[in-house]
1. Between 84, 95, 89, which is out of contact with any strand residue (DSSP E or B) (no Cβ under 6 Å at 6 or more places or on another chain) and free of Cβ contacts under 8 Å to residues at least 12 places away in the same chain?
2. Determine, yes or no, whether residue 90 is under 17 Å from the mean Cα position of the chain (by Cα), farther than 27 Å from residue 244 by Cβ and not basic (Lys, Arg).
3. Testing residue 316 on (1) open to solvent by 50 Å² or more (accessible area, probe 1.4 Å); (2) within 21 Å of the chain's Cα centre (by Cα), one condition comes back false. Which one is that?
4. Since residue 234 meets every condition but one in (1) in contact with a Phe, Trp or Tyr (Cβ under 9 Å, 6 or more places away or on another chain); (2) surrounded by 17 or more Cβ atoms within 10 Å (Cβ to Cβ); (3) closer than 30 Å to residue 44 by Cβ; (4) of a type outside the set (Val, Ile, Thr), which condition does it not meet?
5. From the list 352, 382, 301, exactly one residue is at positive phi, at pLDDT 95 or above and surrounded by fewer than 19 Cβ atoms within 10 Å (Cβ to Cβ). Which is it?
6. Since residue 295 meets every condition but one in (1) without any contact (Cβ under 8 Å) to a residue 40 or more places away in the chain; (2) crowded, with 21+ Cβ neighbours inside 10 Å, which condition does it not meet?
7. With the requirement that a residue be surrounded by 13 or more Cβ atoms within 10 Å (Cβ to Cβ) and basic (Lys, Arg), what does the stretch 128-145 give you?
8. With the checklist (1) open to solvent by 30 Å² or more (accessible area, probe 1.4 Å); (2) assigned to a helix (DSSP H, G or I) in hand, flag the one item residue 123 doesn't pass.
Amino acid sequence: MAGASGRGMWAMKRLNWALSFIHGRPPELWALIEEAGLETYERSGAQLCFEDGALSDCSSEMATVFEPLEKLEDFEGPDMSFAEYLDREQTPMEERGRIIGYVEGFNAADHREVSVASLGAQQKAEDADGSNHNYRLRGGYDQLPRYLSERIAEFGGKVLTGTPVKEIRWVEGWVEVVSDLWSFNAPHAVVTLPLAVLQCGKVKIEPRPRQIMEGAERLRMGQVRRFTLLFAEKFWEGLPPQPAMEEMSFLFAFTEMPPVWWTAHPEASNTITGWVGGPRSAALTGLDAKTLGDKACATLARIFGLRKQRIHGLLKGCYTHDWQHDRFSLGAYSYVAAGGLDASRQMTEPIADTLFFAGEHTDITGHWGTVHAAIRSGLRAAEQVLSGVRRHKAEG
């Protein structure tokens, strides 16, 4: 079996708020975590909001933000964008900011394009998996792909990094994957290119798998900018409101840039992460770590009512990656455009029992954009390959 991704293990690329959280208890992901012997902890703490120039504990209020999404679980009728849905429901303009901010931030989506039917499917899927509980991997998410790479090596396989694929040539029962330095042949290939890389055609697939590309065109690649700031100390400790500030987990500042922040609470850490998803992320696109750090300190100074110089003086580093301009990703993760709810299923159909497509954008369980969706799609593709092999042997 040949993998056709540019850097190997594409399926582990973001996901779950840019590889920060484990949402709920998806069995495929937790089985892998337990197999690898990794340690997790549950997220907890207070949620703070910055509105009208003041910080407050809004932990109880934030539940109301999700009410319009919970209603979507029972959505029926022709699909539409979330913007059209808000108009149809005559949602008051003063209530739209928070919910649009959440939909765009969490889904990395443009609310004028994202499918309401897909948001409903996602809400149902998250409720079923207990996604109201979030966890983190102590020691970082990179432990998972490292473990998988080691297991592949134990079974005699090899993960080739630094070997970008240029072209995939195929006929039924034979695939050639071509890079600058090597070419690889196999009877099957599982193609896990990120959605935007697949859409732009930088990796040429010949002959073109028409049904796959048509499905991909009905999906969208979301955009995100995320960065983590490391400080010499927790400058927010001791500030009002108390006791919420001592337990701050999430901070929402919908009129600021970025609008969403989180700490490592309950872990001891002097870090705070900034996040903006969807169209608003364009404001931070292309900025280097130093510039992001400067802008972030100015934003945090406004939010916490402190002098920027004080916060900036405590800053030890800003860590980020520009996924939008990374040619191996061209974005964060996928979302479904209005009218495209069946697009992912279309992309799961094997091409002549030779090409198989996987990745979070091919998930059919409502978990687009998550690590467990990527893993789930890989397991599905592997079973499709094996089923085809068994069938051909039986036909013999």
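The values are calculated or read from the model by the stated rules, or taken from the named source; none is laboratory data. Nothing here was measured: the structure is a model prediction, and the numbers come from that model. Here the Cβ is made from the backbone with ideal geometry for all residues, glycine too, and neighbour counts use every protein chain on show. Keep in mind that these areas ignore ligands, DNA and RNA; they rest on the heavy atoms of the full protein, side chains included. Shrake-Rupley method; radii C 1.70, N 1.55, O 1.52, S 1.80 Å.
1. Unique residue meeting the criteria: 95.
2. Judged against the criteria, residue 90 is not a match.
3. Failing condition for residue 316: (2).
4. Going through the list (1) in contact with a Phe, Trp or Tyr (Cβ under 9 Å, 6 or more places away or on another chain); (2) surrounded by 17 or more Cβ atoms within 10 Å (Cβ to Cβ); (3) closer than 30 Å to residue 44 by Cβ; (4) of a type outside the set (Val, Ile, Thr), residue 234 breaks only (1).
5. Sole residue among the options that is at positive phi, at pLDDT 95 or above and surrounded by fewer than 19 Cβ atoms within 10 Å (Cβ to Cβ): 352.
6. Here residue 295 meets the rest and fails (2).
7. 136
8. So residue 123 meets the others, but not (1).
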